[in-house]
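Report on the structure given below.
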Amino acid sequence: AMAIANNSLDQRIYRTLLFAMGVFALLFVYYAFDFSMRGLSQDLSAETHLYTAGAVLPNTAIFTHMLAGATITLLAPLQLFTPLRKRFPALHRVSGYLFFLSAILTAVGGLGFITINRTIGGPVMDVAFTLYGLCVLVCCVQTIRFARARDFATHREWALRVFVLAMGSWLYRIQYGVWFAIMGDIGIGENFSGPFDYFQDFAFFVPYLIGVEIYIKHQRAG
């Protein structure tokens with residue numbers, strides 16, 4: 001009886017955490033959609049450092065990056081939702097190609113902005129975010145390649161890598177929020193130049209990719 005009660009409590013905690021993550025992710029998606037659409041149609045130079053008045057190319061790059069990023073954050077969980085994938089395989093394929101296109105736009109937009117404008121965080125952020133964009137490109141191409149080859153086991157492995165990358169922008173903000181709640185502004189520097197800022201440049205995607213690799217190796221081992 002005790003074991004059943006504990007399992008029931010674990011399930012409730014698990015579902016509550018999933019629900020909370022879903023709510024925060026949807027709030028981020030709404031914010032990113034709204035911000036990117038305004039950035040593509042209005043002058044936001046007084047609101048954010050990401051907007052440069054009169055600079056059409058970098059503004060288009062960064063806000064297209066954000067719009068496409070919101071799309072992949074929304075679609076990523078649906079792509080891994082097994083019941084939906086099994087019951088509606090055609091929908092899975094169509095949304096997969098939409099996800100792929102959005103991920104390519106996210107990566108190209110971000111890399112284009114870095115090339116033209118550089119990031120506010122300097123060379124460390126430039127390198128980290130460029131690496132992130134390249135990871136998105138490579139993982140997306142591999143995911144589609146193995147799907148078309150009908151190697152669905154390998155396709156799913158690459159899809160898991162894409163999933164953690166797709167959630168990267170959301171995780172970046174969540175991790176900053178948790179840090180501020182616990183530590184305040186300790187380790188936060190001007191223009192993202194503090195020790196925690198440099199840690200964050202890589203921590204929003206590298207540890208999660210390592211975790212996925214460990215999980216994949218465990219699954220392959222049976």
Members of the range 58-76 found to be open to solvent by 60 Å² or more (accessible area, probe 1.4 Å) and of a type outside the set (A, V, I, L, M), listed by number:
Thr60
Scan the range 163-212 for residues that are without any contact (Cβ under 8 Å) to a residue 24 or more places away in the chain and in a helix (DSSP H, G or I) and report the count.
13
Identify all residues within the range 180-208 that are open to solvent by less than 30 Å² (accessible area, probe 1.4 Å) and either more than 19 Å from the chain's Cα centre (by Cα) or of a type outside the set (D, E, K, R) (or both); write none if there are none.
Gly184, Gly187, Gly189, Gly194, Phe196, Gln200, Ala203, Phe204, Phe205
Verdict on Gly110 being within 20 Å of His49 (Cα to Cα), under 19 Å from the mean Cα position of the chain (by Cα) and part of a helix (DSSP H, G or I):
yes
May I ask you to list the residues in the range 129-164 that are of a type in the set (A, V, I, L, M, F, W, C), open to solvent by 40 Å² or more (accessible area, probe 1.4 Å) and farther than 22 Å from His218 by Cβ?
Phe129, Leu131, Leu134, Leu137, Val138, Val141, Ala149
Thr119 passes all but one of (1) open to solvent by less than 40 Å² (accessible area, probe 1.4 Å); (2) part of a helix (DSSP H, G or I); which number fails?
(2)
Do we find that Arg93 is without any contact (Cβ under 8 Å) to a residue 60 or more places away in the chain and farther than 21 Å from Val56 by Cα in this structure?
yes
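The values are calculated or read from the model by the stated rules, or taken from the named source; none is laboratory data. Just so we're clear, the structure is a prediction, and the values are computed from it rather than from any experiment. Every residue, glycine among them, receives a Cβ derived from its backbone with ideal geometry; neighbour counts consider all protein chains shown. Side chains included, ligands, DNA and RNA excluded: accessible areas come from the protein's heavy atoms. Shrake-Rupley method; radii C 1.70, N 1.55, O 1.52, S 1.80 Å.
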